[in-house]
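The values are calculated or read from the model by the stated rules, or taken from the named source; none is laboratory data. Source: prediction; values computed, not measured. Positions of Cβ are backbone-derived with ideal geometry, glycine not excepted, and every protein chain shown enters the neighbour counts.
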Amino acid sequence: EDQVTQSPEALRLQEGESSSLNCSYTVSGLRGLFWYRQDPGKGPEFLFTLYSAGEEKEKERLKATLTKKESFLHITAPKPEDSATYLCAVQHSGYSTLTFGKGTMLLVSP
Amino acid sequence: EAQVTQNPRYLITVTGKKLTVTCSQNMNHEYMSWYRQDPGLGLRQIYYSMNVEVTDKGDVPEGYKVSRKEKRNFPLILESPSPNQTSLYFCASSSYGRIYFGEGSWLTVV
């Protein structure tokens, strides 16, 4: 059974204080690992897809990395508008169910 | 503009009264799915469809039905809603590793 564990559950940062969110996973044959951002009451917004260990992707202040057991979402010099819940999900090679972690709620204070 | 549209966005209904939540996408995606999101449990997949007339159960299918008669539409049917189906529901469609979510449907069953 696919499993995704995100840590920490919640993170409070000061504006400009860089940090990382963790996503540990267990999956039988990884097809893709996804990162999403979700604002309260809204649908998840796509950020990145990573396909193989060693892969990295960047977008503005965010950088996602992938190993065989975990993924990190690095946030560099965050701003208050980066406050959201960040979700990680995995899809196994059968291309069916997407398994989500419970998310990390990030709050960036000015 | 790529869109996944759900209706209704908000609904309060009574136990046992059949309801349908519609979902439509304009991206010609073959793969569509439904999720529910509950506090502390994260996003869980209800049903998915890999193409017209092809549907399969996700992690939490009990109490739900779906149909896929056209490529763009994937309605979620609650034949006899119960209070434990009170939740925030998301429809999603995907192609080549990127998944698009709708804005969500808040459903309350009293």
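So here's what we get for this one:
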{"item": "Residue list for region A:17-31, filter: more than 15 Å from A:Ser7 (Cβ to Cβ), loosely packed, with under 15 Cβ neighbours inside 10 Å and modelled with pLDDT under 95", "result": "A:Ser28, A:Gly29"}
{"item": "Residues of region B:16-55 classified as β-branched (Val, Ile, Thr) and without any contact (Cβ under 8 Å) to a residue 24 or more places away in the chain, total", "result": "3"}
{"item": "Hey, B:Leu43 more than 8 Å from chain A (Cβ to nearest Cβ) and either within 23 Å of A:Gln91 (Cβ to Cβ) or among the acidic types (Asp, Glu) (or both) or not", "result": "no"}
{"item": "Tally of residues being at the interface with chain A (Cβ under 10 Å from one of its Cβ atoms) and under 26 Å from B:Val110 (Cα atoms) across region B:10-37", "result": "3"}
{"item": "Hits in region A:57-76 (condition: surrounded by 11 or more Cβ atoms within 10 Å (Cβ to Cβ) and farther than 21 Å from A:Asp2 by Cα)", "result": "A:Lys57, A:Glu58, A:Arg61, A:Leu62, A:Lys63, A:His74, A:Ile75, A:Thr76"}
{"item": "Some residue of region B:5-14 being over 18 Å from B:Gly104 (Cα atoms) and modelled with pLDDT of 95 or more", "result": "yes"}
{"item": "Selected residue [touching a residue at least 40 places away in the same chain (Cβ under 8 Å) and among the charged types (D, E, K, R)] from A:Glu56, A:Glu70", "result": "A:Glu70"}
{"item": "Some residue of region B:72-82 being facing chain A (nearest Cβ under 10 Å), crowded, with 18+ Cβ neighbours inside 10 Å and not in a strand (DSSP E or B)", "result": "no"}
{"item": "Selection count where residues are touching a residue at least 24 places away in the same chain (Cβ under 8 Å), β-branched (Val, Ile, Thr) and within 23 Å of B:Tyr100 (Cα to Cα), scope region A:15-53", "result": "1"}
{"item": "Residue satisfying condition, being more than 12 Å from chain B (Cβ to nearest Cβ), over 13 Å from the mean Cα position of the chain (by Cα) and surrounded by fewer than 20 Cβ atoms within 10 Å (Cβ to Cβ), within set A:Gly41, A:Gly54", "result": "A:Gly54"}
{"item": "Verdict on A:Arg12 being charged (D, E, K, R), under 27 Å from B:Tyr48 (Cβ atoms) and touching a residue at least 60 places away in the same chain (Cβ under 8 Å)", "result": "no"}
